[in-house]
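The block underneath contains the structure these notes are about, expressed in structure tokens.
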Amino acid sequence: MNIHEYQAKELLAKYGVPVPAGYAAMTADEAVAAASKLPGPLWVVKAQIHAGGRGKGKFKELGPDAKGGVRLAKSIEEVRAHAEEMLGKALVTIQTGEHGKQVQRLYITDGVDIAKEFYLALLVDRDSGRVAMVVSTEGGMDIEHVAHETPDKIHTITIDPATGFMPHHGRSVAAALGLTNNLAKQAASVASKLYDAFLGTDAEQIEINPLAVTEDGKLTVLDAKVSFDSNAMFRHKDLAELRDLAEEDPAEIEASKYDLAYIKLDGDIGCMVNGAGLAMATMDIIKLNGAFPANFLDVGGGATKEKVTAAFKIILSDPAVKGILVNIFGGIMKCDIIADGIVAAAKEVNLSVPLVVRLEGTNVQEGKDILAHSGLPIVAANDLGDAARKIVAEVKKAA
């Protein structure tokens, strides 16, 4: 689960992390009121969407010469003008896709005189099974570009969960950033508090870019991106309330109601599979056969007829879908139950695109018989390779 920058900063501030003063605003009047609470004479007006690259982004309706989603204002009147121009407009960044995301919230903060910018992130290192701190002196930049062009400028520090954050971790962070004396102490303190926040909120990632040194020698968080482990939200009802459904794909929201793992992709072949690994293999083999998957959809190990029907509806809600490939390996989930669900779903949604089904596992013959006698134009497949070839051919034939 992702949250907005202003929510992330408010959360980190509770753990003692230094952040500039700022207020959220939903209207131009609220933006002016927020700016009036801050001393000025410089304010920053920041669009709040769940995507990076806002400063370099462009508003579709304003033309290529318009300013991006992070703007400086030297007067209250300028704050209002920026707010009125940004609110309700679609901001396109490198992470939003060509359609962009509509700006419905702003964050008004104090302007800061920056002397130096750094990068600091915390995430789970799957290889070591530890929390890792990724730090770089190249803050404020595209970290992927830094990793590709100058990987020696990125340092990773892992933390043993048995000991937690120790003083030597703080010294390592400061050394990686080239900080000494008081700034080194501040860096160690910030890193320690971010680690506490990471564990305390069951975070998946905390990204600070930039972590800035101000002209008066203070270390402060100028931007923060925080995401949480959705499976842990039952422990954090207060954090779950921060979820902004307007920032999420409607189909993904609908899928979550049925405990379906769904992610929209850019292709035209819808996929319904049980098991994340099998789903990944299914998408790979579709691409191997010259087509592209329209989604990742894992119905899980205990799919019911209702869940299968919901999955079909979600897949078909994407107008780009030109065909559907169902790939089920029945272990706990019996193939005949899945077949019943497929037939019921196809009839209920009045299926109008090609459908290829590959079943294997428990009660597979019963499942195949149900599909064969359904009276529906369902194409059966013998294995995954056969299924991928057949759905690609069916989509091309229907084009």
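Of note:
- Each Cα pair under 8 Å and six or more residues apart adds its separation to the average, and for the range 4-60 the resulting relative contact order is 34 percent.
- Between 0 and 90 degrees, the angle of helix 76-86 with respect to the longest Cα principal axis of the chain falls at about 10 degrees.
- Candidates His148, His50, His82, ranked by Gaussian network fluctuation over the chain, Cα under 10 Å, top entry: His148
- Remark: the Cα gyration tensor places the range 262-335 in the oblate category, a/c being 1.5 or greater and a/b not exceeding b/c.
- Tilt relative to the chain, helix 335-348 - C-alpha long axis, 0 to 90 degrees, to 10: 80 degrees
- Between the range 224-278 and the range 319-363, the Cα center-to-center distance that results, in Å: 22 Å
- Debye log10 I(q)/I(0) at q = 0.18, 0.25 Å⁻¹ for the range 211-296, Cα point scatterers: -0.91, -1.22
- Using bins of 5 Å that start at zero, the share of Cα-Cα pairs per bin across the range 188-343 amounts to 2, 8, 15, 15, 14, 12, 10, 9, 6, 5, 3, 1, 1, 0, in whole %.
- Cross-link partners of Lys322 among lysines, defined as those whose alpha carbon lies under 24 angstrom from its own and excluding same-chain residues fewer than eight positions apart: Lys264, Lys287, Lys305, Lys307, Lys313, Lys347, Lys368, Lys390, Lys396, Lys397.
- Relative contact order [Cα under 8 Å, 6+ residues apart], the range 132-251, whole percent: 18 percent
- Built amide H within the under 5 Å cut-off of Thr158, gap 5+: Met133
- Average accessible area per residue (Å²) across the chain - probe 1.4 Å, nucleic acids and ligands excluded: 47 Å²
- Bridges between two residues of the chain, per DSSP, are antiparallel at a rate of about 75%.
- Projecting label points 7 angstrom from Cα along Cα→Cβ for Ser352 and Met233 puts them 3.4 nm apart.
- Peptides 256-269, 233-246, 204-217 ranked from most to least packed, by the mean per-residue count of other Cβ atoms within 10 Å: 204-217, 256-269, 233-246.
- Where a label projected 7 Å from the Cα of Leu376 along Cα→Cβ would reach, residues of the range 292-323 with amide N under 15 Å: 304-317, 323
- Percent carbon-and-sulfur accessible area, the range 238-343, ignoring ligands, DNA and RNA, probe 1.4 Å: 58 percent
- Taking all Cα pairs closer than 8 Å and separated by 6 or more residues, the relative contact order of the chain comes to 12 percent.
- In degrees, nearest ten, helix 384-398 long axis to first principal axis of the chain (Cα): 90 degrees
- Once backbone amide H atoms are built at 1.01 Å from N, Gly331 has Thr362 as its partners under 5 Å, excluding neighbours fewer than 5 places away on the same chain.
- Efficiency of FRET from Cβ geometry, Asp383 and Ala240, R₀ 51 Å, rounded to 0.05: 0.75
- Here the Karplus curve 6.51 cos²θ - 1.76 cosθ + 1.60, taken at θ = phi - 60°, turns the phi angles of the range 41-53 into couplings of x, 10, 10, 10, 9, 10, 5, 10, 9, 7, 6, x, x Hz, with x standing for Gly and Pro.
- Phi to ³J(HN,Hα) by Karplus 6.51 cos²θ - 1.76 cosθ + 1.60 over the range 11-24, Hz, x for Gly, Pro: 5, 5, 4, 5, 9, x, 6, x, 9, x, 5, x, 9, 7
- Sorted largest first, extent of the range 145-228 alpha carbons per principal axis (Å): 33, 31, 23
- Counting protein heavy atoms only, the range 173-224 has 46 percent of its accessible area on carbon and sulfur, 1.4 angstrom probe.
- Lysine pairs with alpha-carbon atoms under 27 Å apart, the range 1-65, spacing 8 or more or separate chains: 10
- Bridging of Lys153 to lysines at a Cα separation below 18 Å is possible for Lys116, once same-chain residues fewer than 8 apart are set aside.
- Protein accessible area in the range 1-141, 1.4 Å probe - carbon and sulfur %: 50 percent
The values are calculated or read from the model by the stated rules, or taken from the named source; none is laboratory data. Being a predicted model, the structure only gives us computed values, none of them experimental. Every residue, glycine as well, gets a Cβ built from its backbone with ideal geometry; the counts of neighbours run over all protein chains shown. For the accessible areas, the whole protein counts, side chains as well, though only heavy atoms, and no ligand, DNA or RNA atoms are used. Shrake-Rupley method; radii C 1.70, N 1.55, O 1.52, S 1.80 Å.
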